[in-house]
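Read the structure below first, then the notes.
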Amino acid sequence: MKTAHKGSPAADGKKPLSSDMLSRREVLAGAGAIGAMMLLPEVLSSAPDGKKTFTILHTNDLHSNLIGVSPASDFTPFTLNDDQTRGAFARLAPLIAARKAARQAQGPVLVLDDGDYSMGTAFGAATRETGAELQLLFRMGYDATTFGNHEFDFGPDGLGESIGVAAKAKRVPAVVASNIDFSKNDPTLSGLQRLAKDGVIRRQLVIERGGMRFGILGLLGKEAAQYSDGGAASFPDAIETAREIVTNLREKEKVDVVICLSHGGVTKGKDGRFTDGDDVRVVEAVPGIDVLIGGHSHTELREPIIVNGRTPVVQTGKYGENLGELVITLDGPKLTVESYRLIPIDDTIAGDRAIAAEIDQLKKTVTRIVFAPRGYSIDQPLAVVPRDLPNTFTDVAAGTPLANLVTDAFRNATKADIGLTCNGMMRSGLIHGKSGVQTVYDVFSLAPLGAGVVDTTAGSALVTGYFTGQELKHLLEFLLVDMPAHPGETFPRTSGMRFRYNPSRPTFDAVTAIEIGDLDRGYRAIDITGKDQRLYSVSSPLYFAKIAMAIPTYTKGKLPLVPKNKEGQPLKSRVEALDDPRNDTPDLLPPHGGTVDKGSVATGSGKDALREIKEWQAIMDHLRNLPVKRKGELPTIPVDDRAAEVRAIKVG
């Protein structure tokens, strides 16, 4: 039976501590204790007599957020209480050091990360060349990490390159990957195979510290594995792998504690509490796991989920906004969760100058590799936003100005009839901060994922396909089906097209009208019944297009569509779709596998005729071409009524 001790009193009568109940001095000095008594499995009945306490400091889903979440120009790591940045490695490093120092007198301290440490910012775009995330984790004192699905965004060969750079610098924590098989004879796996041979990547890890033996395994959850671009690598069943590794750690390695790094995620049960998900299920099936450090679902668990009446499942959220601190005591056969909290990483923490200096050097490398070839630099100011432009999935109106800006950029870049995406493809909003200035770094975070088709540089390519009016309706119908776990994530966003929909109508028949055009040219209605076979060009990010092309499979043929070229011939595209990705993923992800017709890729003109147009590049080009009031000023991003034009008109 699983319980999520939400607000339950501790054994000693004290209420569980949470970060908002602690002063910064208390956070840095040490925690008060709460207790939750739980029996360990029988395999620990031979543990030495006497109480032993250990601490786990942990993070998950850092997503290359080396300088935190806020406008980059606002970040001031060496002064306190003057920015709104959450996260940042320069602040995470001294916090880890302070908490280790505060806890070490009470017993051993482990520092662990649960994967998806890369991809999501401009630093992730250059991870193959820098291995920056792993090098900095090592420098901050992490003992181990594991793989999340986004570690495979550049394929297994790209992942091998990234880890290889860090390993060559001799600055890499142990990478524990228990259920990833890269033994196949394939050239894209050679890097990972070499790293495994050298002991950098391991199926299991044993750490002996403070008189205790800790056994660690690392799992990629079933759902996360489905959306990992593993190529020739495969992902054996997480639960079966866990049973094998836990047995080996217990019986052969004689560890005192088994810790699972599981990048699987948690979901809410019928009672609205987080009591389900791949991270919970693996502990239910493998009771020999004592502690599970979770990730993938970007969930801030303010209290542990207690599974099987004894095993805590914890997670910190995302982007390094919090550091988790879990304190556990072993007393013979009993395990006690003494305390657990999320410590916010913000501008009450003075930054580490050495870490900050290293990140500044990395910026130069990122500019050279990612941005300079397309005429940009990482700290280059692009535009001013007069207020926050959020990407709020559940508030369509609030997110419309940003969505219109992005889709207009796509249409301007490719000259297609329609620019199309959905909320989940835009990975962040634009934050005003102190000045409103948005740099290349900030804007890249809108569209940080994916890689090229014509070239393999970072960033999803814009692709263009042609569809009939009825097929446009089918695209919209699929995107309008909301998923309770992620409301609003697939809501369609358009440029050059507006549509009317009635959510009270039957599933896959909500769209009642589609019009092509814009405010300048006016709109005209098109046929959506299938009688008119006229084609309309649609440009979207490749990341989005892979999902769109799988719609016939996801819907079991109820919404047929075939992407075509300008002449009406089917594109030579293939997507091996698994399950509908919208049920469990924290971010909308495409199915892995498949090929892309290179003829659909939008490329530049003139000297750039053979260079694809990146999603992020289209947005930056659009911003740079906005009008300015005076020469030399930055353009201002429009937020007026015109910018907030409603292109998805709800009726009925």
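The values are calculated or read from the model by the stated rules, or taken from the named source; none is laboratory data. Nothing here was measured: the structure is a model prediction, and the numbers come from that model. Heads up, the Cβs are rebuilt from the backbone with ideal geometry, glycines too, and the neighbour counts pull from every protein chain shown. Remember, those area values only see protein heavy atoms, side chains included, never the ligands or the DNA or RNA. Shrake-Rupley method; radii C 1.70, N 1.55, O 1.52, S 1.80 Å.
Quick notes on this structure:
- Only listed residue being of a type in the set (F, W, Y), in contact (Cβ under 8 Å) with a residue 60 or more places away in the chain and either closer than 18 Å to L626 by Cβ or in contact with a helix residue (DSSP H, G or I) (Cβ under 6 Å, 6 or more places away or on another chain) (or both), chosen from F393, F467: F393
- When region 205-232 is limited to residues that are modelled with pLDDT under 95 and open to solvent by less than 10 Å² (accessible area, probe 1.4 Å), the one that is farthest from P156 (Cα to Cα) turns out to be G221.
- Inspection of region 338-361 finds a residue satisfying the criterion of being among the small types (G, A, S) and in a strand (DSSP E or B).
- Check on A285, among the hydrophobic types (A, V, I, L, M, F, W, C), farther than 25 Å from L136 by Cβ and touching a Gly at 6+ places or on another chain (Cβ under 9 Å): no
- Residue within region 420-433 that is surrounded by 24 or more Cβ atoms within 10 Å (Cβ to Cβ), modelled with pLDDT of 90 or more, in contact with a His (Cβ under 9 Å, 6 or more places away or on another chain) and on the phi < 0 side of the Ramachandran plot present: no
- When region 240-273 is limited to residues that are in a strand (DSSP E or B) and surrounded by 24 or more Cβ atoms within 10 Å (Cβ to Cβ), the one that is farthest from the chain's Cα centre (by Cα) turns out to be V257.
- Scanning region 385-419 for residues that are of a type in the set (K, R) and either open to solvent by less than 10 Å² (accessible area, probe 1.4 Å) or assigned to a loop (DSSP other than H, G, I, E, B) (or both) returns R387, K415.
- Residue in region 20-29 that is farther than 21 Å from R353 by Cβ, open to solvent by less than 10 Å² (accessible area, probe 1.4 Å) and at pLDDT below 95 present: yes
- Residues that are over 13 Å from K473 (Cα atoms) and either modelled with pLDDT of 95 or more or assigned to a helix (DSSP H, G or I) (or both) within region 541-551 comprise L542, Y543, F544, A545, K546, I547, M549, listed in sequence order.
- The helices (runs of 4 or more DSSP H) located wholly in region 67-174 that include 3 or more residues which are more than 21 Å from the chain's Cα centre (by Cα) occupy 89-103, 155-168.
- Test for Y441: is it open to solvent by less than 40 Å² (accessible area, probe 1.4 Å) and out of contact with any strand residue (DSSP E or B) (no Cβ under 9 Å at 6 or more places or on another chain): yes
- Cβ pairs under 9 Å, 6+ apart, first in region 532-552 and under 15 Å from I613 (Cα atoms) and β-branched (V, I, T), second open to solvent by 20 Å² or more (accessible area, probe 1.4 Å) and not in a loop (DSSP other than H, G, I, E, B): V538/T464; V538/Y466
- Any hit, region 300-316, residues being among the aliphatic types (A, V, I, L, M), touching a residue at least 12 places away in the same chain (Cβ under 8 Å) and open to solvent by 10 Å² or more (accessible area, probe 1.4 Å): no
- Only listed residue being buried (at least 22 other Cβ atoms within 10 Å of the Cβ), in contact with a Ser or Thr (Cβ under 7 Å, 6 or more places away or on another chain), touching a residue at least 24 places away in the same chain (Cβ under 8 Å) and not β-branched (V, I, T), chosen from L382, L330: L382
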